[in-house]
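Q: First, the structure itself, so that you have it in front of you.
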Amino acid sequence: MDKTDLVKGQTVLLELDGECVIGKVLHLGSDRSFVRLQNVRDFQSNQPILGNQDYYNSEIRTVKIIEQSEPPATNDDDQQQQQNGVSASSSAVSSSEAVAKIYLEDIQTIFDRIDSHTFIHQTDMKYHDAIKYLKTQKLLALAVEGAEGGRCAENPSLLSIATPDRIFIFDIMWMSVTKDLKAILANPRVRRVIHNGRLAEDVLKHRFGAPLGRCFDTLVAHIATTKNYDYQSEMSVEKCLAKYLNLPGNFFDPNITFADRPLTEPQRKAAAKNVAFLLTLQDYFVHEVMLEPFYASCNRYGTSLSSHADAIHTVIQLNKGRNEDLHDIERFELNVGGEEELGE
């Protein structure tokens, strides 16, 4: 097993059996059979683990390199890898698959939002402050806990709303969906992000009289860009985050439910987790997948002069009095999967 990818100073995410940890590589065993980490935190709870920790090959499922140390790249490919974020694989202390578009500072920022979420179960001053803030926002992520079964769900429980800066958990089992929340959910000037929104919309519309306005559905984005229809097993938000943002598969606790009251802190944090990464996921779909051909076209046009080493080319082109490079811009189409990708 090749274990040459890990070096001292890298920040790595280790997926173990039943838990995930994040820390900085302090030492590698002489036979590379274990890795010692410092500044270790539990990735699920974001709680620090005191002292340096040793993790052995036998207990490590995957390694994801989140942040590189500073050794110089040896060639252009290595430089590109360092810029893009670097790697993960099923081998214990080597890696080969990039942690796509989510870096250490992004992860920590999202964790801070999860830890500092605002839980609201009544229309008190905290509620009114939240509504006042949400009315100023133009981009929201939404999730409804207990929406399984749609309008026939036994216990619709929580409405979670995330902005780029904050997360709010509204206990709709106790306080229902207020008039203020209905207005925010339906506001046509607000862009909303949701995953598998048909269940949430069915619950909100028919149980609470709160239809949703236009939403970007990340499940629809997955299907539209891969043409991978699985009618028996819809891709959960957890699987979607694992596929596109390369979060570990055991980051979410499948055993947490939201029907009991009062809710515990782990339950509230679990609800916050379910909505916390949706805006990042939408950004990835839009800018790294759907608009990839458009950005490629922008790059071709933007470098149409600078790509020529000889300055005379620029002089000639600019002296023509017309921008001929505009004619080379291709008609833009969203990057969605073709028929050949069916069944992947």
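Q: Restricting segment 38-61 to residues that are in contact with a Lys or Arg (Cβ under 8 Å, 6 or more places away or on another chain) and assigned to a loop (DSSP other than H, G, I, E, B), which is surrounded by the most Cβ atoms within 10 Å (Cβ to Cβ)?
A: S45
Q: Continuing with the same structure: Can you tell me which of (1) modelled with pLDDT under 80; (2) more than 27 Å from R191 (Cβ to Cβ); (3) of a type in the set (K, R) is the one R331 doesn't meet?
A: It is condition (2) that R331 fails.
Q: Moving on. If we scan segment 289-301, do we find a residue that is over 22 Å from the mean Cα position of the chain (by Cα) and either over 30 Å from K243 (Cα atoms) or at pLDDT 90 or above (or both)?
A: Yes.
Q: Still on this structure: Would you pick out the residues in segment 22-37 that are assigned to a loop (DSSP other than H, G, I, E, B) and either surrounded by 16 or more Cβ atoms within 10 Å (Cβ to Cβ) or in contact (Cβ under 8 Å) with a residue 60 or more places away in the chain (or both)?
A: Once the filter is applied, which keeps residues that are assigned to a loop (DSSP other than H, G, I, E, B) and either surrounded by 16 or more Cβ atoms within 10 Å (Cβ to Cβ) or in contact (Cβ under 8 Å) with a residue 60 or more places away in the chain (or both), segment 22-37 yields only R32.
Q: Out of everything in segment 108-129 that is more than 30 Å from R41 (Cα to Cα) and out of contact with any helix residue (DSSP H, G or I) (no Cβ under 7 Å at 6 or more places or on another chain), what residue ends up being surrounded by the fewest Cβ atoms within 10 Å (Cβ to Cβ)?
A: So in segment 108-129, the residues more than 30 Å from R41 (Cα to Cα) come out as 121-129.
Right, trim to out of contact with any helix residue (DSSP H, G or I) (no Cβ under 7 Å at 6 or more places or on another chain) and you get 124-129.
Details: D124: 9, M125: 7, K126: 14, Y127: 19, H128: 12, D129: 12.
Top of the filtered list is M125.
Q: Confirm whether D283 is touching a helix residue (DSSP H, G or I) at 6+ places or on another chain (Cβ under 8 Å), among the acidic types (D, E) and closer than 21 Å to H117 by Cβ.
A: Against the criterion (touching a helix residue (DSSP H, G or I) at 6+ places or on another chain (Cβ under 8 Å), among the acidic types (D, E) and closer than 21 Å to H117 by Cβ), D283 does not qualify.
Q: Residue by residue through segment 125-178, note down the ones that are more than 14 Å from N274 (Cα to Cα) and of a type in the set (F, W, Y).
A: Y127, Y133, W174, listed by residue number.
Q: When the residues of segment 245-270 are filtered to those that are of a type in the set (S, T, N, Q), buried (at least 17 other Cβ atoms within 10 Å of the Cβ) and assigned to a loop (DSSP other than H, G, I, E, B), which remaining residue is modelled with the lowest pLDDT? Let's see the steps before the verdict.
A: Step one: list which residues in segment 245-270 are of a type in the set (S, T, N, Q), which gives 246, 250, 255, 257, 264, 267.
Next cut, buried (at least 17 other Cβ atoms within 10 Å of the Cβ) only: 246, 250, 267.
Checking which are assigned to a loop (DSSP other than H, G, I, E, B) leaves us with 246, 250.
On the way: N246: 82, N250: 74.
Looking at the filtered set, the residue picked out is N250.
Q: What pairs come out if I take residues in segment 278-299 that are more than 26 Å from L142 (Cβ to Cβ) and pair them with residues that are hydrophobic (A, V, I, L, M, F, W, C) whose C-beta lies under 6 Å away, six or more apart or interchain?
A: From segment 278-299, the pairs are F294/F332; S297/I329.
The values are calculated or read from the model by the stated rules, or taken from the named source; none is laboratory data. In this text the structure is predicted, and so the values were computed from the model without any measurement. Using ideal geometry, Cβ is built from the backbone for each residue, glycine included, and neighbour counts are taken over all protein chains shown.
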